[in-house]
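Novice: Below: one structure in C-alpha cells.
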Amino acid sequence: MQQLSNLIIPLIILFIICYGLIKRVAVYEEFIAGAKDGFGIAINIIPYLVAMLFAIAIFRASGALEFLLVLLSPLANFLGFPAEVISMGIIRPLTGSGSIGVLAELINTHGEESIIVKIAAVMFGATETTLYVLAVYFGAIKINNTSYAVQAGLIADFAGFVAAILVTFWYFS
Amino acid sequence: MLNKIWAGLIIIGIVFALAQDINDEIHNTHQNGVAQTFDFSIINQNTRTQIILLVNQHKLNARIENEQRIIINLDRQSPENFIKLAELNGNKNRLQASIVSKTDQQLSLLLPELHWQKLRVLTQAAFDMAEFAVKLALGLVGIIALWLGLMQIAEKSGLIKQMVKVVQPLLHWLFPNIPKNHPAFGSISLNMAANVLGLGNAATPLGIKAMQQLQQLNPDKNKASDEMCMFLALNTSSVQLLPPVTLIALMGTQVADLLVPIILATSCSTITAVIVAKVYARRSQHKNFSSKN
C-alpha cells in the first residue's frame, strides 16, 4: 500500500504532461500560466496563518491545557476511558506538530502496546488539524467570514474523537 | 464562532499564565533572593578556581571568577531549573550566580532572580510562532505553483472535463450549487483522491485550486459559501485509507494494526461532517428564504 503513494505522483505528472502533448497543448507555457499564481496565494495565506498560529502558541505555552486535563479527568474516569487521550482530542484540531509531540510523549510513558497510545494514534490518523486547514484554505481566497465551517469541522472532529475511543476498544478487545 | 475561539485561546492563555505568575510571586516559588547552599570540590589545586558543584546529584563544572561571582557551565543533562534560568538570562550553557559565602566544602549562592516566567515564555512563543507562520506560508509557494501549473495543463487538455463527467453524479449531492460540468468538480475530486491516498503535499494545493473555483461561484465574496463549508468539513475530517506519513515515522510497522480502526473512525468523522454541513446549509437557506419574503 505504501509503495503505491510513492509511485502515484510521478505517474500522475507523467499522465498529465502526455495527455497535454497528445491534445496539442503548449504544456510549458500553460504550466507557467498556472504556476504564476503560487506566490500570490502563499502571500495571501500569511496573515491568516499568523493569526491562527500565534493564538494557538499562546494557549499552549500558558499550560492551560494541562490544567484543563486535570479538570476533565474525573469525567473520563466516569465514562470509562483513559484521561490521557483527552490531550490528543484537544490538541489535534489546533496543531499538527503539537499533536505529534503529544503522541510521542504518550508512547514514551505508556509504550506502543498500551490502549492509550492506540486510541491516541487512531485519533491522530482519523482527523485533521482543522484550524490550520481552515486558515490555509480560506486565506488563499481571502475570506474572513468563515460562516459555519468551523462548527462543522469541530463537530466532525469531536465525532472522530468519540469514534476513535469506541472503535479502538471494540477492535482490540 | 471563529472570532470567539480565536479570542478565547488568547485570553485563556494570557490570563492563565498571569495567574500562575502572580501565584509564583506571592509564594516566591522561584526562591528569589534566597541563598542556596551546595557542596563543591576543587579540580585544579593550583588555581583553585575550577570547581565541581554538586546540585541534586548533578555534577556541574564551574569557575569562580572572583570573590562575588561564579560561572556555572551547563549541558543538556543539567538540572532543569538551572537551564531555564540560564536561558532566560541569554545563554543556556552558562549561568552566572553571586557568591554569598564560601567555606572549604560549601558554597552559598544567590541565583539570578526569576520573575513573570510564564508570561515571558508565552510572549516568546507568540513571536516565534508568528515568524514560523510566515516561513510555513512561504514554504508553500513552490508546491502550490507546481500543482497549479499541472492543473492548468490538465484543464487546457480537457482532462479535467473528462474527469468531471465521471465524478459529477457522485459529487452533485454534496455540492448542489456547483453548475453542471464545472471544473470545480474536478479539483474537488482530485483533492479528495490525494487525501484518501495520504498525499498531503498534493492535497493542499489541489484544495486551494478548488477553493478558488468555488470563490468564482460565490455570490458573496467575503463570506464562505455552503459549498466551501462542505468542502472544508470534508477536508478537516480527513477521508483517508493510508495512515499519514508522520504516524508511520512515529510508530513504525505498528501502524498496520491500526489501519482498520483508523478507517472506521475517520469514516465516522467524515459522515458527521457531511451531515452537519448539510444541516447548516439547509438552515441558512431557510433563513435567506424567509428574509427575502
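The values are calculated or read from the model by the stated rules, or taken from the named source; none is laboratory data. Please read all numbers here as calculations on a predicted model, not as lab measurements. Positions of Cβ are generated from backbone atoms using ideal geometry, with glycine treated the same way; all protein chains shown enter the neighbour counts.
Novice: Testing residue A:25 on (1) touching a residue at least 12 places away in the same chain (Cβ under 8 Å); (2) outside any helix (DSSP H, G or I), one condition comes back false. Which one is that?
Specialist: (1)
Conditions tested, residue by residue: (1) closer than 30 Å to residue A:53 by Cα; (2) within 14 Å of another protein chain (Cβ to nearest Cβ); (3) at pLDDT 85 or above.
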residue	(1), (2), (3)
B:59	no, no, yes
B:73	no, no, yes
B:80	yes, no, no
B:89	yes, no, no
B:94	no, no, yes
B:98	no, no, yes
B:105	no, no, no
B:118	yes, yes, yes
B:124	yes, yes, yes
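Novice: Please enumerate the residues belonging to region B:243-272 that are farther than 21 Å from residue A:169 by Cβ and under 23 Å from the mean Cα position of the chain (by Cα).
Specialist: Answer for region B:243-272, where residues must be farther than 21 Å from residue A:169 by Cβ and under 23 Å from the mean Cα position of the chain (by Cα): B:244, B:245, B:246, B:248, B:249, B:250, B:252.
Novice: Restricting attention to region B:61-117, which residues are more than 14 Å from residue B:36 (Cβ to Cβ), aliphatic (A, V, I, L, M) and within 27 Å of the chain's Cα centre (by Cα)?
Specialist: Matches in region B:61-117: B:83, B:86, B:88.
Novice: Okay, moving on. Of these, A:12, A:41, which one is surrounded by 13 or more Cβ atoms within 10 Å (Cβ to Cβ), under 29 Å from residue B:240 (Cα atoms) and more than 7 Å from chain B (Cβ to nearest Cβ)?
Specialist: Of the residues listed, the single one that is surrounded by 13 or more Cβ atoms within 10 Å (Cβ to Cβ), under 29 Å from residue B:240 (Cα atoms) and more than 7 Å from chain B (Cβ to nearest Cβ) is A:12.
Novice: Only residues that are under 15 Å from the mean Cα position of the chain (by Cα), among the aromatic types (Phe, Trp, Tyr) and either under 25 Å from residue B:212 (Cβ atoms) or surrounded by 23 or more Cβ atoms within 10 Å (Cβ to Cβ) (or both): list them for region A:138-173, please.
Specialist: Across region A:138-173, the qualifying residue is only A:161.
Novice: Another question, then. Yes or no: region A:26-38 includes at least one residue that is within 27 Å of residue B:127 (Cβ to Cβ) and either surrounded by fewer than 20 Cβ atoms within 10 Å (Cβ to Cβ) or among the hydrophobic types (A, V, I, L, M, F, W, C) (or both).
Specialist: Scanning region A:26-38, I find no residue that is within 27 Å of residue B:127 (Cβ to Cβ) and either surrounded by fewer than 20 Cβ atoms within 10 Å (Cβ to Cβ) or among the hydrophobic types (A, V, I, L, M, F, W, C) (or both), so the answer is no.
Novice: Which condition does residue B:194 not pass, out of (1) surrounded by 19 or more Cβ atoms within 10 Å (Cβ to Cβ); (2) touching a residue at least 12 places away in the same chain (Cβ under 8 Å); (3) of a type outside the set (S, T, N, Q); (4) at the interface with another protein chain (Cβ under 7 Å from one of its Cβ atoms), if it passes all the others?
Specialist: Evaluating residue B:194 over (1) surrounded by 19 or more Cβ atoms within 10 Å (Cβ to Cβ); (2) touching a residue at least 12 places away in the same chain (Cβ under 8 Å); (3) of a type outside the set (S, T, N, Q); (4) at the interface with another protein chain (Cβ under 7 Å from one of its Cβ atoms) leaves (4) as the failure.
Novice: On to the next question. Which of (1) out of contact with any strand residue (DSSP E or B) (no Cβ under 9 Å at 6 or more places or on another chain); (2) part of a loop (DSSP other than H, G, I, E, B); (3) more than 14 Å from every other protein chain (Cβ to nearest Cβ) does residue B:26 not meet, given it meets every other one?
Specialist: Failing condition for residue B:26: (2).
Novice: Further question on the same structure: Name the one entry in B:184, B:249, B:233, B:224 that is over 22 Å from residue A:10 (Cα atoms) and in contact with an Asp or Glu (Cβ under 9 Å, 6 or more places away or on another chain).
Specialist: Exactly one residue qualifies, and that residue is B:184.
Novice: Here are some residues: B:70, B:64, B:52. Which one is surrounded by 13 or more Cβ atoms within 10 Å (Cβ to Cβ), without any contact (Cβ under 8 Å) to a residue 24 or more places away in the chain and more than 28 Å from residue A:58 (Cβ to Cβ)?
Specialist: The match here is B:52.
Novice: Answer yes if at least one residue in region A:105-128 is surrounded by fewer than 23 Cβ atoms within 10 Å (Cβ to Cβ) and in contact (Cβ under 8 Å) with a residue 60 or more places away in the chain, and no otherwise.
Specialist: Looking for residues that are surrounded by fewer than 23 Cβ atoms within 10 Å (Cβ to Cβ) and in contact (Cβ under 8 Å) with a residue 60 or more places away in the chain, one finds none in region A:105-128, hence no.
Novice: Any idea which of A:46, A:86, A:41, A:56 is assigned by TED's automatic domain parsing to the domain that holds residue A:128 and without any contact (Cβ under 8 Å) to a residue 40 or more places away in the chain?
Specialist: Selected residue: A:86, the only one of A:46, A:86, A:41, A:56 that is assigned by TED's automatic domain parsing to the domain that holds residue A:128 and without any contact (Cβ under 8 Å) to a residue 40 or more places away in the chain.
Novice: Here are some residues: B:162, B:168, B:105. Which one is touching a strand residue (DSSP E or B) at 6+ places or on another chain (Cβ under 9 Å) and surrounded by fewer than 20 Cβ atoms within 10 Å (Cβ to Cβ)?
Specialist: B:105
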